[in-house]
Amino acid sequence: MATSKGMKACFGLLVLAVVLLLLLLLGSCGEGCEDQQAAAPRATVTSTVTATPSPIGSQIGETVDDVLKRVKQTGLSVGVHDASEQDAKPSGNWMVCFEKVTLSKVAFAAVPPGAPCPSKDGKRIPWPKMPDVKGITYGEAAQMLANAAGRVVLSAAYQDEDAHDQDNESGDYADWKICFQDIKTGRTLDSEPEITLHGVQKGDACPRTLGALQGPHQ
């Protein structure tokens, strides 16, 4: 019986010793554990900011002079070239048709004043062709040629009749009938040429030749 009590006492002492040892080990970690936790690497996010020039927006349809002024304020380098296959040197009044912008440079392709833009950079300018306006009124002809000609001028087809008008779709001569045109039908209207049309009053017949006399003297 005494032996059994002794064994229980020894077992109790052993358990107590183990518990004390564990407490000592936990207590000894103390600041060291905190240091180890503090030393552990943490995930970080780094944001890299790259300086880029201020956007200038689309400049298509603007003149080269205006575009160059805007680009100078952005710090971008700039280049301007002929948008057609002609490879001419653009002037300040040329109009921008195409643009290509990178982080450091902007390149513009332009055409002369009044010229339509080609289908692609480096292609031919699609100049309009002179239509046949004989037989229609001056007002209709002026409207038809408004975007293709520099000026559309009306003169009298008869030598002894006085008439003169310019770019007028609804004026006093708007109903005059066109008899002759100084640019042949189908000719390319490059660089917006001046077009002169010769006509007669509404209801009159056209002369056989330009400049003939009206009435019995024609």
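The values are calculated or read from the model by the stated rules, or taken from the named source; none is laboratory data. Note that this is a predicted model, so its numbers are computed, not measured. Glycine also receives a Cβ, built like all others from the backbone with ideal geometry; neighbour counts cover every protein chain displayed. Surface areas here come from the heavy atoms of the whole protein model, side chains and all, with no ligands, DNA or RNA. Shrake-Rupley method; radii C 1.70, N 1.55, O 1.52, S 1.80 Å.
The table below gives the values:
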item: Distance in nm between pseudo-label sites at Glu85 and Lys105 (7 Å out along the Cβ direction from Cα); result: 2.5 nm
item: In nm, spacing of pseudo-spin labels at Ala205 and Asn168 (7 Å Cα→C-beta vector); result: 2.8 nm
item: Accessible area of Leu210 in the full protein assembly, 1.4 Å probe (Å², nearest 10); result: 90 Å²
item: Separation of the Glu194 and Asp175 label points, Cα + 7 Å toward Cβ, nm; result: 2.9 nm
item: Residues with amide H under 5 Å from that of Ser84, placed H, sequence gap 5 or more; result: Gly122
item: 5 angstrom amide H check on Asp165, placed H, neighbours 5+ away; result: Leu154
item: Under 14 Å, Cβ to Cβ, from Val111 - net charge with Lys/Arg +1 and Asp/Glu -1; result: -4
item: Computed accessible area, Thr196, all protein chains, 1.4 angstrom probe, square angstrom; result: 30 Å²
item: Probe 1.4 Å, all protein chains present, accessible-area order of Phe108, Phe180, largest first; result: Phe180, Phe108
item: Phi to ³J(HN,Hα) by Karplus 6.51 cos²θ - 1.76 cosθ + 1.60 over the stretch 106-122, Hz, x for Gly, Pro; result: 10, 10, 10, 10, 10, 10, x, x, x, 7, x, 6, x, 5, 9, 4, x
item: Asp172, Asp165, ranked by accessible area, largest first (probe 1.4 Å); result: Asp172, Asp165
item: Integer Hz, Karplus 6.51/-1.76/1.60 couplings in order for the stretch 56-65, x for Gly and Pro; result: 9, x, 5, 10, 5, x, 8, 7, 4, 4
item: Where Ser155, Ser104 fall by accessible area, highest first, once all protein chains stay in place (1.4 Å); result: Ser104, Ser155
item: Separation of alpha-carbon centers, the stretch 166-218 and the stretch 116-142, rounded to whole Å; result: 18 Å
item: Probe 1.4 Å - accessible area at Asp66, Å² to nearest ten; result: 60 Å²
